[in-house]
1. Can you pull out the residues in the range 29-46 that are in contact with a Ser or Thr (Cβ under 6 Å, 6 or more places away or on another chain) and either part of a strand (DSSP E or B) or of a type in the set (Asp, Glu) (or both)?
2. Consider LEU67 carefully, then state whether it is surrounded by 14 or more Cβ atoms within 10 Å (Cβ to Cβ), touching a residue at least 12 places away in the same chain (Cβ under 8 Å), assigned to a loop (DSSP other than H, G, I, E, B) and not hydroxyl-bearing (Ser, Thr, Tyr).
3. Check off (1) within 10 Å of the chain's Cα centre (by Cα); (2) outside any loop (DSSP other than H, G, I, E, B) for LYS87 and give me the number that stays unchecked.
4. When you go through (1) in a loop (DSSP other than H, G, I, E, B); (2) aliphatic (A, V, I, L, M); (3) touching a Lys or Arg at 6+ places or on another chain (Cβ under 9 Å) one by one for LEU72, which number turns out not to apply?
5. From the residues in the range 1-28 that are of a type in the set (S, T, N, Q) and assigned to a strand (DSSP E or B), which one is nearest to LEU96 (Cα to Cα)?
6. Search the range 48-64 for residues being in a strand (DSSP E or B) and not hydrophobic (A, V, I, L, M, F, W, C), and hand back the single one that is surrounded by the fewest Cβ atoms within 10 Å (Cβ to Cβ).
7. Which of the residues that make up the range 27-46 are of a type in the set (S, T, N, Q) and either loosely packed, with under 15 Cβ neighbours inside 10 Å or in contact with a Phe, Trp or Tyr (Cβ under 6 Å, 6 or more places away or on another chain) (or both)?
8. Name the residues in the range 11-26 that are loosely packed, with under 14 Cβ neighbours inside 10 Å and in contact with a Ser or Thr (Cβ under 7 Å, 6 or more places away or on another chain), would you?
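Quick note: the coordinates plus some simple rules give every number you see, no bench work behind them. As the structure is a prediction and not an experimental result, all values here were calculated from the model. With ideal geometry, Cβ positions are generated from the backbone for all residues, glycine too; neighbour counts draw on all protein chains shown.
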Amino acid sequence: MNSDGGAVKLSVYFDSGDKLKVIVVNTGGNQFRAFADECTHGGNELNYDHERRRLRCSSLGRSEFDLEGNVLKGPAKESLRTYPVDKEAGFLVVTLS
């Protein structure tokens, strides 16, 4: 995660029993972005392509999203959910709201 292009996937479990999958990516220059790790087309996980600066669906449909979560290539039609990332005392804090 400390190097440009790194990514980590997290699963967050809530008391309600709900689960949220998140992908946090190091976009370079010590900048980080967080997204719901779920394609808006079919719900498949995402992969980060640092060279192309995109998130790509892991399915054969290959929807692609920019680093703002906007759809670049379908079949997905809706943007990804994004989460704010802050750096505090050497930690990354992702706000899930």
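1. Keep residues of the range 29-46 that are in contact with a Ser or Thr (Cβ under 6 Å, 6 or more places away or on another chain), which gives 33, 35, 39, 41-42, 44-45.
Within the range 29-46, ARG33, PHE35, GLU45 meet the criteria.
2. Numbers: surrounded by 14 or more Cβ atoms within 10 Å (Cβ to Cβ): yes; touching a residue at least 12 places away in the same chain (Cβ under 8 Å): yes; assigned to a loop (DSSP other than H, G, I, E, B): yes; not hydroxyl-bearing (Ser, Thr, Tyr): yes.
Spelling it out, LEU67 is indeed surrounded by 14 or more Cβ atoms within 10 Å (Cβ to Cβ), touching a residue at least 12 places away in the same chain (Cβ under 8 Å), assigned to a loop (DSSP other than H, G, I, E, B) and not hydroxyl-bearing (Ser, Thr, Tyr).
3. Here LYS87 clears every test but (1).
4. If we test LEU72 against (1) in a loop (DSSP other than H, G, I, E, B); (2) aliphatic (A, V, I, L, M); (3) touching a Lys or Arg at 6+ places or on another chain (Cβ under 9 Å), just (1) comes out false.
5. Let us first name the residues in the range 1-28 that are of a type in the set (S, T, N, Q), namely 2-3, 11, 16, 26-27.
Those left that are additionally assigned to a strand (DSSP E or B): 11, 26-27.
Working: SER11: 12, ASN26: 18, THR27: 19 Å.
Taking the candidates together, the pick is SER11.
6. At the first step, the residues of the range 48-64 found to be in a strand (DSSP E or B) are 48-49, 54-57, 64.
Now restrict to residues that are not hydrophobic (A, V, I, L, M, F, W, C): 48-49, 54, 56, 64.
On the way: TYR48: 22, ASP49: 14, ARG54: 16, ARG56: 17, GLU64: 19.
The qualifying residue surrounded by the fewest Cβ atoms within 10 Å (Cβ to Cβ) is ASP49.
7. As a first pass, look at the range 27-46 and keep what is of a type in the set (S, T, N, Q): 27, 30-31, 40, 44.
Within the range 27-46, ASN30, GLN31 meet the criteria.
8. If we filter the range 11-26 for residues that are loosely packed, with under 14 Cβ neighbours inside 10 Å, which is where we start, we get 11-19.
Listed by number, the list holds a single entry, LYS19.
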